[in-house]
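> The structure under discussion is supplied below as structure tokens; questions concerning it will follow.
The values are calculated or read from the model by the stated rules, or taken from the named source; none is laboratory data. Please read these numbers as outputs of a predicted model, since none were measured by experiment. Positions of Cβ are generated from backbone atoms using ideal geometry, with glycine treated the same way; all protein chains shown enter the neighbour counts. Heavy atoms of the whole protein, side chains included, go into the accessibility calculation; ligands, DNA and RNA do not. Shrake-Rupley method; radii C 1.70, N 1.55, O 1.52, S 1.80 Å.
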Amino acid sequence: MITWYRLVLIVLLAPSLTTAATSQSVSSVYVGGYGVPGAFFFTAIELVDTGGAVSGKMRQPFDRADAPPLQNLITKDERLTFNVDHLYFVLQRTAYGYSGFVRAQKSKREQKAEFIKRRTPTPREIPTTPTYYSGGYGTPGNFVYTRIGFDTGKIGQPFDRTDQPPIRNLTVRNGQLRFDADRLHFELTQFDHGARGWVVDEKGKRRPAYFVTRPKDIPSLEVLERYEGTYRIGKRRLLTLSRNVFSDGFHYLELPSGRTGALFYRPNGELTGGPCMYCPGPEYLRVSLDPRQSGRAQRVRVTIDGRTIDAPRIETHSEEEIRFISKDGTQLAGSLLLPSGKGPHPAVVFAHGSSAQTRNGFYGNIRFIAEAYARSGIAALIFDKRGTGRSKGDWKTANLEILGDDVAAGVEFLRTRAEIRADRIGLTGSSQAGWIMSWASLRVPDVRFIQMRSSSPMSVREANRDQLVLMMEAERYPRSEIQRALDIRDMIDDYAVTGQNWEQLEAAAKQVENEYWMTQFIGGLPAKDSTTYAWLRKAFSYDVTAAVRNFKGAWQAIYGASDIVVDVPEARAWFEDALRYGRSNDVTIEVVPNADHNYYETKTGLDHREFPGYSRYVPGIFDKITRWANERMRNTYTHPLSPGKTPSR
């Protein structure tokens, strides 16, 4: 048996080395490589026989861009030898190709090598679709997002595994596509913009599969931006559209059901969404964009429940592009969502969670909540975190204090606007925003309230360790492996603080670099000169307890009962203890059943695996957030789905 690391037969992996036959020459391609698992060099060798004189070239597409010629090439009997740069190949013909070894001239170390002769696919066997499919297999709640790369000869499952298994035994006949990848078997039928069928998984279970291709011509970012916002698709039914941060990924939220997911591109400016976050089909809704429409789109064509609607943009609020300056002089860009009707209006300023988030947030989360605020009569300032979108600066080097200054600058900007009530401005945000808003409250202590979602503004180092334990416990790792991961986490954090023992850290991380928990939960080892260490060193010194206790405004802390990013019982206990002697007399703490870190409805809480199969937010979460805020603003509350006039004050 030829094991996967000895030889991979990939039909489309070497596009520039083709197998051909003419009256003058015969060209053959052998595909395989040399090495061992974890250090395998994929290699394609082309041999050209021009009537006795044999020449050739080599490609290593994952390691080098050139295709060097084979030097000192000798073919005698069944033996083939040649060298390329510092490598010396000694191969013996086999029934399927060549086998032997490769020796590095400097080290003299021999590595086992294996190659298979690549057959020439017939035109019918070559996929006529673009170079990859995106989709997956399973059902909502248990969906495995999968990318099929015919250009790379591999599949990727970024939420479930760290490797990319090679495609094997690929056949495409009469629109029927079959292949294997690791222990998966794919049986798909191609249609005009994708393929659907079945995948037999590792346990032998046959699961429905659906994949789509990505058209070459998709709407520009400018076109997508014009369509962001909320549209009415029924008397008490709304559809909000948003980009995923600043990308061309488009997401939707339908209310009141809370259904949400990614929209997949089709030709002619159409996008479709399936029954779950990354399910491209069967089709649940279709959105048609008109790139010729100038300015902010006032309507969008939506097909849902078997009917097509020219959905109008709701008139409860407007959106204005704004700029403001932070304490250090950095210019920040964002949007101000202003309720319609006579002002001045109460308002909220959004703080971001971690990483590179724009005014929309990941998967549209910030946009979805901001639109809900504006519909209920509260203005919302959402902005691109420094260094993202249209904002200047660099979020990677910005500590929590600087990010707090950015939020405070947003408050000060709103106080210059005649449409805003300067005495009724609140702060709202999720996850890391808990620390950021606590710091911001020191700059603008008279804000009306702070709404924290899934935040635990305790020690940053302690929070990182808690998160790692929670995720690994959810994956049912044994205690010994959890401790192994904690040791690596501690070594990284120790290096961030002291700058010492890099060699020991690097060696330890090398041993676990391919472990799922290392890549998915810790995120791998940052480079020695990464700004991550300086950021951590500063963050570890923070203690926002005093800021939390000294804040006089109202607090709302919401947690998801199935959150595996935040230790909810510990975070709640910390928050209650911090406020026991605090200055606020209005504190609301609530745990939402069946909610994950971002308030998607979850079965297991394994959001890193279950996320592609999510289908909706927990019922009522947007109303819960905006109702609490309106009560603190002493704003007359109208349900955000109520048709008619803007809420009065």
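> Where does helix 400-414 land angle-wise versus the long Cα axis of the chain, in degrees 0 to 90, nearest 10?
Result, in degrees: 50.
> Could you sort out which of K327/K392; K203/K603; K385/K538; K117/K154 sit more than 23 Å apart by Cα distance in this structure? Please report the intermediate quantities before stating the final value.
Working: K327/K392 13 Å; K203/K603 21 Å; K385/K538 19 Å; K117/K154 19 Å.
Over 23 Å Cα-Cα: none of the listed pairs.
> Right, here's the next one. State the percentage of accessible surface on region 289-448 attributable to carbon and sulfur atoms; use a 1.4 Å probe and exclude ligands, DNA and RNA.
Working: 2720 of 5670 Å².
C and S fraction of accessible area: 48 percent.
> Which entry is the computed percent of Cα pairs over 32 Å apart for this structure: (i) 46; (ii) 53; (iii) 58?
(iii)
> Report the charge-dipole magnitude of region 144-256 in Debye, nearest 20, computed about the Cα centre from +1 at each Lys and Arg Cβ and -1 at each Asp and Glu Cβ. Write out the running numbers ahead of the final one.
On the way: 20 positive and 15 negative charges, 103 e Å.
Using Cβ point charges on Lys, Arg, Asp and Glu, region 144-256 gives about 500 debye.
> Probe radius 1.4 Å, ligands and nucleic acids left out: which of Y477, Y227 has the largest accessible area, and how do the rest follow? Walk me through the intermediate numbers first.
Numbers: Y477 55, Y227 5 Å².
Ranking Y477, Y227 by accessible area, largest first, yields Y477, Y227.
> For every helix of n ≥ 4 consecutive DSSP H residues, a contribution of -39,500 (n - 2.57) applies; sum these over the chain, divide by its total residues, and give [θ] at 222 nm rounded to the nearest 500 deg cm²/dmol. Please report the intermediate quantities before stating the final value.
On the way: 12 runs with 132 residues, N = 649.
Taken over the chain, the calculation gives -6000 deg cm²/dmol.
> For region 343-430, what does the relative contact order come out to in percent, with C-alpha contacts under 8 Å and a separation of six or more?
Rounded, it is 45 percent for region 343-430.
> What are the ³J(HN,Hα) couplings of region 539-547, residue after residue, when phi is run through the Karplus curve with 6.51, -1.76, 1.60 and θ = phi - 60°? Round to Hz, x for glycine and proline.
Karplus-based 3J(HN,Hα) across region 539-547 equals 5, 5, 8, 7, 9, 9, 3, 5, 5 Hz.
> Using amide H atoms built 1.01 Å from N in the peptide plane, name the residues 5+ places from A561, or on other chains, whose amide H lies under 5 Å from its own.
The answer is V592, N594, A595.
> Tell me, what is the 1.4 Å probe accessible area of T152, in Å² to the nearest 10?
50
> How would D487, D406 line up by accessible area, probe 1.4 Å, largest first?
Values: D487 70, D406 0 Å².
So, going from the largest accessible area down, we get D487, D406.
> Of the options H185, H597, P208, report the single residue whose Cα projects farthest towards the positive end of the charge dipole of the chain (beta-carbon charges: Lys, Arg +1; Asp, Glu -1).
Farthest along the dipole direction, towards plus: P208.
> For the chain, with the dipole built from +1 on Lys and Arg beta-carbon atoms and -1 on Asp and Glu ones, taken about the Cα centre, which of P68, F622, S431 lies farthest toward the positive end?
Selected residue: F622.
> Another question, then. Roughly how many debye, to the nearest 20, is the charge dipole of region 506-610 about its Cα centre, given +1 on each Lys and Arg Cβ, -1 on each Asp and Glu Cβ, and no other charges? Could the numbers behind the result be given before it?
Numbers: 11 positive and 16 negative charges, 97 e Å.
Once rounded to the nearest 20, the dipole reads 460 debye.
> Here is a follow-up. Under a crude label model (7 Å from the Cα following the beta-carbon direction), how far is R64 from A356 in nanometres?
Label at R64, label at A356, 3.1 nm between them.
> Here is a further query. Let me know the charge dipole size of region 158-216 about its Cα centre in debye, to the nearest 20, where only the beta-carbon of Lys, Arg (+1) and Asp, Glu (-1) is charged. Kindly include the intermediate steps, with their values, before the conclusion.
Working: 12 positive and 8 negative charges, 30 e Å.
Dipole size: approximately 140 debye.
> Could you please put K235, K396, K385, K76 in sequence from largest to smallest accessible area, using a 1.4 Å probe?
Values: K235 165, K396 115, K385 5, K76 140 Å².
From most exposed to least exposed: K235, K76, K396, K385.
> Still on this structure, please answer the following. So which trypsin sites (Lys or Arg not before Pro) in region 469-520 pass both tests, a DSSP loop state and at most 14 other Cβ atoms within 10 Å of the Cβ? Each step should come with its number before you reach the end.
Working: sites: R476, R479, R484, R489, K510; in loops: R476.
Listed in order of number, the matching sites are R476.
> Enter the accessible area of M471 (Å², nearest 10), with the probe set to 1.4 Å and all protein chains included.
Roughly 20 Å² of M471 is accessible to a 1.4 Å probe.
> Measure out, as a whole number of angstrom, how far apart the alpha-carbon centroids of region 543-589 and region 254-327 sit.
36
> Hey, another quick one. Provide the net charge surrounding G295, with neighbours chosen by a C-beta distance below 15 Å and charges set as Lys +1, Arg +1, Asp -1, Glu -1.
After counting each charged neighbour, the total is -2.
> Which residues' amide hydrogens lie under 5 Å from the amide hydrogen of F191, considering only partners 5 or more residues apart or on another chain, with H built in the peptide plane?
Answer set, sorted by chain and number: R196.
> Collect residues whose amide H, placed 1.01 Å from N in the peptide plane, falls under 5 Å from the amide H of L606; neighbours closer than 5 in sequence don't count.
none
> Need one value: the accessible area of E506 in square angstrom, 1.4 angstrom probe, rounded to the nearest 10.
90
> Here's another thing I want to ask about it. Hey, what do the phi angles of region 141-153 turn into as Karplus ³J(HN,Hα) couplings, whole Hz, using 6.51/-1.76/1.60 and θ = phi - 60°, x for Gly and Pro?
x, 8, 10, 9, 5, 9, 10, 9, x, 6, 6, 9, x
> Additional query: So, counting K/R as plus one and D/E as minus one, what does the shell of residues with Cβ under 13 Å around I425 add up to?
Here the count lands on +3.
> In whole Hz, what ³J(HN,Hα) sequence does region 155-168 give by Karplus (6.51, -1.76, 1.60; θ = phi - 60°), x for Gly and Pro?
10, x, 10, x, 8, 10, 8, 9, 8, 10, x, x, 7, 10
> How far is it, in nm, from the label point at K603 to the one at V90 when both lie 7 Å from their Cα along the line to the Cβ?
Modelled inter-label distance: 5.6 nm.
> Residues with beta-carbon under 9 Å from that of R313, excluding R313: net charge, scoring Lys, Arg +1 and Asp, Glu -1?
Details: positive: R232, R296, R299; negative: E315.
Counting the neighbours of R313, the net charge comes to +2.
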